[in-house]
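Heads up: the structure comes next, in structure tokens.
The values are calculated or read from the model by the stated rules, or taken from the named source; none is laboratory data. Everything quoted here is computed from the prediction, not taken from an experiment. Here the Cβ is made from the backbone with ideal geometry for all residues, glycine too, and neighbour counts use every protein chain on show. Surface accessibility is based on the protein's heavy atoms, side chains included, excluding ligands, DNA and RNA. Shrake-Rupley method; radii C 1.70, N 1.55, O 1.52, S 1.80 Å.
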Amino acid sequence: MSREDAVNALPTGVGLRLPHLAEVAAGTSGAAWLEAHPENFLANPHARELLLRARHDHPIALHTVGVSVGTATGLDRSHLARLRALVDELDPFLVSGHLAWSTHNGIYLNDLLPIPYDDDALRVVAANVHEVQEVLRRCYVVENPASYVAFSTSTRAETDFLAELASRTGCKLLCDVSNAYLSAANLGYDAYEYINGLPADAVAELHLGGFTRETDDAGAPVLIDTHAAAIDEPVWKLYAHAMRRFGPQPTLIEWDSALPAFAQLLSEAERADFVTHATFEGGAHARAG
Ligand SMILES: [Fe+2]
């Protein structure tokens, strides 16, 4: 990937949250592109109307929080149908969701819960991702989770699980660089090796978000994926490494809690663009396989 390609790559986008919706729909946001959570718009006609207005001036990606690909009893098909209708209406350039589970027997849990990385789980997740792609009639993009615990029964590394999922289903991967950093810190592995272990050809989007430093009940440090702060300095370094490995990919700034003015999101996006250009300053770079 040459520096010219990097300069021509889609600039960094920002997550669209409801408090900023009217401002963005007015067409003066300055954002290169937006990523919205579809669940905010499925039962809110006014918000949906504003989102469609924002679509006139911005490319839009959708990032689901309610498609539970890790649920062994199958997907919520009514939710998937409503998601399909929104996708048809908006024609987003990318639809993504999480490697996690959040529903069981029709009950929605307000969390993205971890799954064991074994062959049984891989079959479940692959079948669900196949169904999502069939219903939405497009490629689905699966994000690496923020992790706090690991299953002792896992037989695969997370990177291997994601690579095999992409190979079996043709789905793409969303590398949340902050999640990679945070999970590595919480579980005690190397974040750079994690990035190196992902299949570069499958990565189609990157996320950057802020986390919070806390301590667990035993007093040990733990990083929590709050999306409530600016991006941490070590994450910017890891982001540059990810760009070198994956080539310039659509990158998104995620900020959900303690939401600042939209201008601060834009300034984080500008910094990501600066890192992209600085990373490729001085010559060509081959996308690693
Ligand atoms: Fe993310």
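Over the chain, what is the percentage of antiparallel beta bridges among all DSSP beta bridges, to the nearest 5? It would help to have the intermediate numbers written out before the result.
Working: 7 of 33 bridges.
The antiparallel proportion sits near 20 percent.
About its Cα centre, what dipole magnitude does segment 3-288 give when the only charges are +1 on Lys and Arg Cβ and -1 on Asp and Glu Cβ, stated in debye to the nearest 20? Don't skip to the answer; put the middle values down first.
Numbers: 20 positive and 38 negative charges, 122 e Å.
Around 580 debye, computed over segment 3-288.
For segment 138-158 and segment 238-252, compute the distance between their C-alpha centroids and round to whole Å.
20 Å
Which value in deg cm²/dmol, rounded to the nearest 500, describes the helix-derived mean residue ellipticity at 222 nm for the chain, given -39,500 (n - 2.57) per DSSP H run of n ≥ 4 and division by the residue count?
Details: 10 runs with 119 residues, N = 289.
Counting only the DSSP helices, I get -13000 deg cm²/dmol.
In terms of modelled amide H atoms, which long-range or inter-chain residues lie less than 5 Å from the amide H of Asp176?
Those qualifying (amide H under 5 Å, at least 5 residues apart or on another chain) are Asn144, His207.
Compute the accessible area per residue over segment 84-135, keeping the other protein chains in place, probe 1.4 Å, unit Å². Intermediate results must be reported in sequence, preceding the final value.
On the way: 2490 Å² over 52 residues.
I get 48 Å² per residue for this part.
So what J values fall out for segment 90-95 if you push phi through Karplus, 6.51 cos²θ - 1.76 cosθ + 1.60 with θ = phi - 60°, rounded to Hz, Gly and Pro as x?
The phi angles translate into 8, 6, x, 7, 7, 10 Hz.
What is the spread of the Cα atoms of segment 155-235 along each of their three principal axes, largest first, in whole Å?
Largest to smallest, the principal-axis extents are 41, 29, 18 Å.
Looking only at Cα atoms, what is the convex hull volume of segment 52-202 per residue, in Å³? List each step's numbers first, then the result.
Details: hull volume 18.0 nm³, N = 151.
Value for segment 52-202: 119 Å³ per residue.
Name the long-range amide H neighbours of Val203: under 5 Å, sequence gap of 5 or more, or other chain; modelled H, no Pro or chain starts.
Leu173
For Asn105 and Glu134 in one chain, what is 0.36 nm times their gap in residues minus the Cα-Cα distance, to one decimal in nm?
Working: separation 29, 0.36 × 29 = 10.44 nm, distance 2.22 nm.
Going from the current span to full extension adds 8.2 nm.
What are the ³J(HN,Hα) couplings of segment 270-280, residue after residue, when phi is run through the Karplus curve with 6.51, -1.76, 1.60 and θ = phi - 60°? Round to Hz, x for glycine and proline.
My calculation for segment 270-280 gives 4, 5, 4, 4, 4, 4, 4, 5, 5, 5, 9 Hz in order.
Assuming R0 = 35 Å, can you tell me the calculated FRET efficiency for the pair Ala81 and Arg168, based on Cβ-Cβ distance, to the nearest 0.05?
On the way: r = 24 Å, r/R0 = 0.70.
With a Förster radius of 35 Å, E is 0.90.
How many percent of the accessible area of the chain is carbon or sulfur, using a 1.4 Å probe?
Values: 6530 of 12450 Å².
Whole-percent figure for carbon plus sulfur exposure: 52.
Scale the Cα Rg of segment 3-288 by the rule-of-thumb value 2.2 N^0.38 Å and send over the ratio, two decimals. Walk me through the numbers before you get to the answer.
Working: Rg = 18.2 Å, N = 286, 2.2 N^0.38 = 18.9 Å.
For segment 3-288, the normalised Cα radius of gyration comes out at 0.96.
What number results when the radius of gyration of segment 190-246, computed over Cα atoms, is divided by 2.2 N^0.38 Å?
Working: Rg = 13.4 Å, N = 57, 2.2 N^0.38 = 10.2 Å.
Normalised by 2.2 N^0.38 Å, the Cα Rg of segment 190-246 equals 1.31.
In whole Hz, with x marking every Gly and Pro, tabulate ³J(HN,Hα) for segment 165-171 from phi via Karplus 6.51 cos²θ - 1.76 cosθ + 1.60, θ = phi - 60°.
Values, residue by residue: 4, 5, 5, 6, 10, x, 5 Hz.
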